[in-house]
Amino acid sequence: MSYQVLARKWRPSNFSQVAGQGHVLKSLVNALDNERLHHAYLFTGTRGVGKTTLARILAKCLNCEQGVSSTPCEQCDSCKEITQGRFIDLIEVDAASRTKVEDTRELLDNVQYSPTRGRFKVYLIDEVHMLSNHSFNALLKTLEEPPPHVKFLFATTDPQKLPVTILSRCLQFNLKNLSPEIIVNYLADVLKKEEIEADDEALWQIALAATGSMRDALTLVDQAIAYCQGSVRAAGVIEMLGIPEQRQVYDLLRAMAAADAGRLMTLIGAMSEQTPDYAHTMDSLLSVLHRIALAQAVPQAIDNSFGDREEIIELAGLFSAEDIQLYYQIGTRARDELRLASDLRGAFEMLLLRMLLFSPDYDKAQLADAVSPREEAPQEQQDGEKKKTTADAVIPPEPEPAVNVHTDVPGATEAGDQPVERAPDELGQLDQLRWQSLLPQLKVSGIIANVLANTEVATIDGDSVALTLDEAQSAVYSDDLLPRISAAFSEHFGKPIQVTVRVGQVAQETPAQLGQRLRQEQYQQMVNEFEQDANVKELLRRFSGTLARDSVSPLDKN
């Protein structure tokens, strides 16, 4: 007994079985049911998305003995023969092997004859872009005015190579790549019918590796069944594909969020034991970074198409938006380095270290401690202070800076900054001025810290706090953050506290606005002092120069 591969065994036989492509199905179903039939159809899209399958189903709908409709009976001889690939009036042509004009002319010589069995004579030409220019020219006239009993169905992965004269004579349907969620649901249904056990994680890994192609996904399932000895298991699929577990990508990001270079190297070492495809690993990392950026900017846009929505929301709270953009930019620019590197693991390690060390929030002393531990750290390290000035880069104040609650708002400033009220010990003492001191003490970071930094205290009622979020910053907020905000308040005050946030106009200065103002004032003071320096004045006088104020930046005192 011969084995039939899953991609052929489970090829859809009617429109209801087709996965995805709803925009194409709607057009075809309406045209068939309303008997508004064109004489030439062109299906475009990448491999394995259903071009040839839809063409065969359309041929079945046109020639079903029960009549033209979008639901062929599947029982008549015409339907069965088309399904089995032996219907005499369905002429399938592989254009890649019949590119010559003589082949096209031979094909067209039979167009004038009526169909033998069916209602229409259907010409299905696959990879039609492979035809020569002379073949296209020979096809033009017949394609524009074919006999009423003839239908042309074209399929191609490269429509740009088709002459405009051909495209203008066809109804064109562009089939989209299938989302991982659609592929996973379809594979789960197929494996259920096959009575084969499968892990959800394994199906997600296969769907991601298929990159939008259902045929590729089914082929990988066939391979996984053989590899895992009759089932589809996550460990086997990961080993078969040579890719890291998605969990490992999340662990890498958590180590980067904790600024733990040692943990990062340990994780890469564990991954290297599986001989991973580092380029694929970087693609997975970039995909997760993209979804984290979406979660920070537009939380409601994150769906569960990758089965990781909760994980992404959690990671979004661990990073600042600046770090995510920095990591993504470094990753995309460094993919060529992975391709050219002789030591792929070393190149991957350097890439992640670059992401980590170039972050503005990374404490460089951590790296020194990890390489050469010292008996006694300097007092500034013990106090957890971070120097963010540079000797060769200008740091002008930005209109809407992202807020680091540990350095950018009052309460964490050095001596000499504007004095503020002490953070309250009781919730009832909380007002806007004390809120600016309380915020740096809350254990929050990332998107939650940015949200809270742009709020003002509206009301306090017992153990309930109402905050007003500046409507200009509302894009970063979603109600999913409320439980974690309430938890941060509860942990600080040592009792359950319920926090609510509404979006509106703020009447008082928020911690973010105050931090920005103080930075601008400090920068302006620095520029003024520089202008008053005797040496600077002498240089400007002697060389008739002018001062470019934007070029003034603080020196690193370390």
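Here is a list: S69, S78. Which entry is open to solvent by less than 10 Å² (accessible area, probe 1.4 Å), over 24 Å from T157 (Cα atoms) and not aliphatic (A, V, I, L, M)?
Details: S69 fails: open to solvent by less than 10 Å² (accessible area, probe 1.4 Å).
Criteria check complete, one pass: S78.
Filtering the stretch 479-527 to residues that are surrounded by fewer than 20 Cβ atoms within 10 Å (Cβ to Cβ) and among the polar types (S, T, N, Q) leaves S486, S490, Q498, T500, Q505, Q508, Q513, Q520, Q522, Q524, Q525. The set of residues in the stretch 87-97 that are among the hydrophobic types (A, V, I, L, M, F, W, C) and either buried (at least 17 other Cβ atoms within 10 Å of the Cβ) or closer than 23 Å to C61 by Cβ (or both) comprises F87, I88, L90, I91, V93, A95. Looking across the stretch 528-545 at every residue that is part of a loop (DSSP other than H, G, I, E, B) and at pLDDT 80 or above, the one that is most open to solvent (accessible area, probe 1.4 Å) is identified as Q532. Here I225, I292 are screened, and the one residue that is out of contact with any Leu (no Cβ under 7 Å at 6 or more places or on another chain) and β-branched (V, I, T) is I225.
Taking the numbered list (1) on the phi > 0 side of the Ramachandran plot; (2) in contact (Cβ under 8 Å) with a residue 60 or more places away in the chain; (3) open to solvent by 10 Å² or more (accessible area, probe 1.4 Å); (4) not aromatic (F, W, Y) in turn, Q229 passes all entries but (2). Number of residues in the stretch 434-460 that are among the polar types (S, T, N, Q), in a helix (DSSP H, G or I) and buried (at least 21 other Cβ atoms within 10 Å of the Cβ): the value is 2.
Name every residue in the stretch 20-35 that is open to solvent by less than 30 Å² (accessible area, probe 1.4 Å) and either within 20 Å of I82 (Cβ to Cβ) or part of a helix (DSSP H, G or I) (or both), in order of residue number.
Within the stretch 20-35, the first condition is being open to solvent by less than 30 Å² (accessible area, probe 1.4 Å), and the residues that meet it are 20-21, 24-25, 28, 31-32.
Matches in the stretch 20-35: Q21, V24, L25, L28, A31, L32.
The values are calculated or read from the model by the stated rules, or taken from the named source; none is laboratory data. Here the structure is a predicted model, which means the values were calculated and not measured. So basically every Cβ, Gly included, is an ideal-geometry build from the backbone, and we count neighbours across all protein chains shown. Side chains included, ligands, DNA and RNA excluded: accessible areas come from the protein's heavy atoms. Shrake-Rupley method; radii C 1.70, N 1.55, O 1.52, S 1.80 Å.
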